[in-house]
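Beneath this line is the structure, given in structure tokens, with notes to follow.
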Amino acid sequence: MSIFFEYAEVFAAGLALTLVIAASASLGGTLVGLLTALARMSRVTAVRWLAAGYVDVIRNTPGLVQLFLIYLGLPVIGIRLSPLAALIVALTINNGAYLAEVFRAGLQAVPKGQLEAAASIDLSRHVTFVEVVLPHMLRAMYPALTNQFIQTVLFSSIGTVVGVEELTQVTLILESRTYRTVELLTVLTALYVVLTFALAWASRWLGARLERGYR
Amino acid sequence: MSTGDLSRAATPAAAIVRVDHVTKFFGTLKVLDDVSVDVSRGERLVIIGPSGSGKSTLLRCINGLEPVSAGRVIVDGMVVGDPAAPLTRIRSQVGMVFQHFYLFPHKTALENVTLGPIKALGMGRAEAVSLATALLERVGLPEKAREYPARLSGGQQQRVAIARALAMRPKVLLFDEPTSALDPELVGEVLDVMWQLAQDGMTMLVVTHEMAFAADLADRVIVMDNGAIVEEGPPQQIFTDPRTTRARTFLTRLLKRSERHHR
Amino acid sequence: MDWALVVANFPLLLRGTLTTIELALTAFVAGTLLGLLVAAGRTLGGRDADLLLGFAVDVVRGSPLLVQLLVIYLGASAIGLSLGPFAAAVLGLSINAAAYLSEIFRGGIGSVAHGQSEAGLAVGLTPAQTLREVVLPQALPVIVPAMMGFFIGLLKDTSLAYVLGLLELTRMGKNIMDRTFQPFEISLVVAAIYFVLCFPLAQLVRIVDARMRARGLAQAHV
């Protein structure tokens, strides 16, 4: 598979963009997801329903269609985004809905009194939350959160449909120029597999490190 | 010897189970250390000892649930683990009753008992049902045939488990702490069934902490510690005057505790 | 917003929807059968089979479905086989489904207490019989809701067959919006159709999950 070394910079550039896209969408998605999860606990019915509606709609429609809506549909009402921006926005919104569910499950497992303790100015209750409850929550959500990141890395490949030069797209461009289809697709698959293996290993290592840090 | 004969190794006529210099490792941990014991037909052998002494592992090596690391186990002339002696055949000769019963929760008591004969022995359904009904009667639970395990008490579940083991018409029954998971008031009904089985002549290997019952039931008692047999003998001798220090320490501690319970 | 053109093109969208459903159902059935084989192979086939199949499953789960579809479609023609978009999509989705479903099967099997399979073996059943009579029936309350949830994901994943040019719902919608210059309205309608397909199924999964869990608990003990 010498083609990997022949075009190493191309693959590297595509891989780098893939990671940037995934990281941005995950950070943004975490913010959106947290806000949504909190909104679902709001006392205002309309806020609860909006949040629930957002989650239900996103989780029951394909990400590709969401991308089309943002990239092709929004210009009609005046919002024109570059392919890259559209991809990141779409993935952020998509991520946000799935992460909202992870956060919701995490928050639901915490007794209501503890949540009030977190917000209270009573220092001892506040400290209890931070020292005891929060780590437990984070520990429980950690696998789902890291898994969602890996899924986002894989899903970023839909960027090829709108021309974003992430890993899949740069490989397809190479394919159309060199016609070395089998080699290129093999390298592409192998790169993703190695990447997900590495990310999974890294998240296990990080998880173990965080555990130790807390002892 | 031809390969066919290897599975029918020569054994003393009376020994239905031979444990021959068996050693067992779990990774680097030695769980059984050169254990040898012969069990005769109709004998009631009780195995006692502290937790982790290898008692359960020994039973599980006899019916092939655990492979041995060295040595051999021979059941009714068949070498356990020998490719010529299928484990399914050996296990139809050796029944097992587990500490946690492990009744199949998705099947009724009757279906629990008929499953083995139908699937493993190829018995017809009608014949299996009448066999199972008779066995449930034998353990005192004829009216529970159509109940699911969740609706049975622990003692009832264990008795159904005994009926399930008997359904395969085994030559030997292994009991792995059969009453340890039971509430104290339910222990008696299971011990009664076991006592009746002994009276009917069943060969039994029992791992238990019920010392009074062990003293009554056993023809021979084996004391295990750290994977090895440290003492062996008739119950009267073991329980009243153990020879080795390890057996003595274990028994004194244990008997003191069970005395307190029996007062 | 001009909805008249949308309405006029609705029959085409419906045809795309039918292709989507056909694709999803076919891949689901094929994926289930193949996934069962993989799970059985890994559970009963000994260490080598487990490692080999496990590696294959990891490769499929560790790469994007979109890439897998391209591998099958472009790869087939590169080695001289001619696969149409539908066949390539079915094959790709089936293999992907088999990998994920085999993990669902193994997870469900693993959730059954080890003592249950030991009790089955102790009574004289073969490992295959133990799997079929004792373990699988107890694994079903875990497996069935997970399979149903996966099917919903599969319905959405059929949209990736877009890249093969297959006229499933998403590609059909794109063709229409390119023709009518109404990307916003068409995208919304396409999204709405997927929603109508998936949302009721998602609610059904919640009900089935609760039911199966209740049934499982009623029969479970130590």
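The values are calculated or read from the model by the stated rules, or taken from the named source; none is laboratory data. These figures come from a predicted structure and were not determined experimentally. Glycine gets a Cβ as well: all are built from the backbone with ideal geometry, and neighbour counts include every protein chain shown. Surface accessibility is based on the protein's heavy atoms, side chains included, excluding ligands, DNA and RNA. Shrake-Rupley method; radii C 1.70, N 1.55, O 1.52, S 1.80 Å.
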5 angstrom amide H check on B:I16, placed H, neighbours 5+ away: B:V39, B:S40, B:R41
Probe 1.4 Å, all chains present, heavy atoms only: B:T28 accessible area in Å², nearest 10, is 140
Gap separating the Cα centres of segment B:31-66 and segment A:137-215, nearest whole Å: 52
Can you list the residues, at least 5 places off or on another chain, whose amide H is less than 5 Å from the amide H of B:V79, using H built in the peptide plane? B:A9
With every protein chain kept in place and a 1.4 Å probe, the residues C:R61, B:R60, B:R91 fall, from largest accessible area down, as C:R61, B:R60, B:R91
For A:H136, solvent-accessible area (1.4 Å; no DNA, RNA or ligand), Å²: 120
Keeping all protein chains in the complex and leaving out DNA, RNA and ligands, what accessible area do you get for B:D192 with a 1.4 Å probe, in Å² to the nearest 10? 100
Quick check on chain B: what are the equivalent-ellipsoid semi-axes from the Cα gyration tensor, as sqrt(5λ), descending, whole Å? 29, 26, 15
Within-12-Å neighbourhood charge of A:A144 [Cβ basis; K, R +1; D, E -1]: +1
Among C:80-87, A:192-199, the order from most to least packed when residues are scored by Cβ within 10 Å on average: A:192-199, C:80-87
Explain nothing, just compute: Karplus ³J(HN,Hα) = 6.51 cos²θ - 1.76 cosθ + 1.60, θ = phi - 60°, for every residue of segment C:157-163 in order, whole Hz, x for Gly and Pro. 5, 4, 4, 6, 5, 3, 5
Highest-MSF residue in chain B out of B:G77, B:G49, B:G188 [GNM, Cα springs under 10 Å]: B:G188
Name the residues whose placed amide hydrogens come within less than 5 Å of the amide hydrogen of C:L83, ignoring near sequence neighbours (fewer than 5 apart) on the same chain. C:S77
Which whole number gives the average, over all residues in A:176-183, of C-beta atoms from other chains lying within 10 Å of the residue C-beta? 2
Helical contribution to [θ] at 222 nm, DSSP H n ≥ 4, -39,500 (n - 2.57), averaged over chain A, rounded to 500: -25500 deg cm²/dmol
Ellipticity estimate at 222 nm from DSSP helix runs (n ≥ 4, -39,500 (n - 2.57)) divided over chain B, nearest 500: -12000 deg cm²/dmol
How big is the C-A contact in terms of buried accessible area, both chains counted, 1.4 Å probe, rounded to the nearest 100 Å²? 2800
Of the candidates A:N95, A:N60, A:N147, which one comes out as most mobile in a Gaussian network treatment of chain A with C-alpha springs shorter than 10 Å? A:N60
Counting partner chain Cβ atoms within 10 Å of every residue's Cβ in C:182-193, what's the average? 5
Whole-Hz Karplus ³J(HN,Hα) for segment A:35-50, in order, using 6.51 cos²θ - 1.76 cosθ + 1.60 and θ = phi - 60°, x for Gly and Pro? 4, 5, 4, 5, 4, 5, 9, 5, 7, 7, 4, 4, 5, 4, 5, 4
Shielding by partners, peptide A:186-193 (average Cβ within 10 angstrom, other chains): 4
Rounded Å value of the spacing that divides the Cα centres of segment C:68-122 and segment C:5-51: 9
Expressed as a percent, the accessible surface of chain B that is carbon or sulfur, using a 1.4 Å probe and the full set of protein chains, is 49
Among C:V134, C:V123, C:V59, which one moves the most in a GNM of chain C with springs linking Cα atoms closer than 10 Å? C:V123
In a shell of Cβ-Cβ distance under 11 Å around B:G227, excluding B:G227 itself, what net charge do Lys and Arg (+1) and Asp and Glu (-1) give? 0
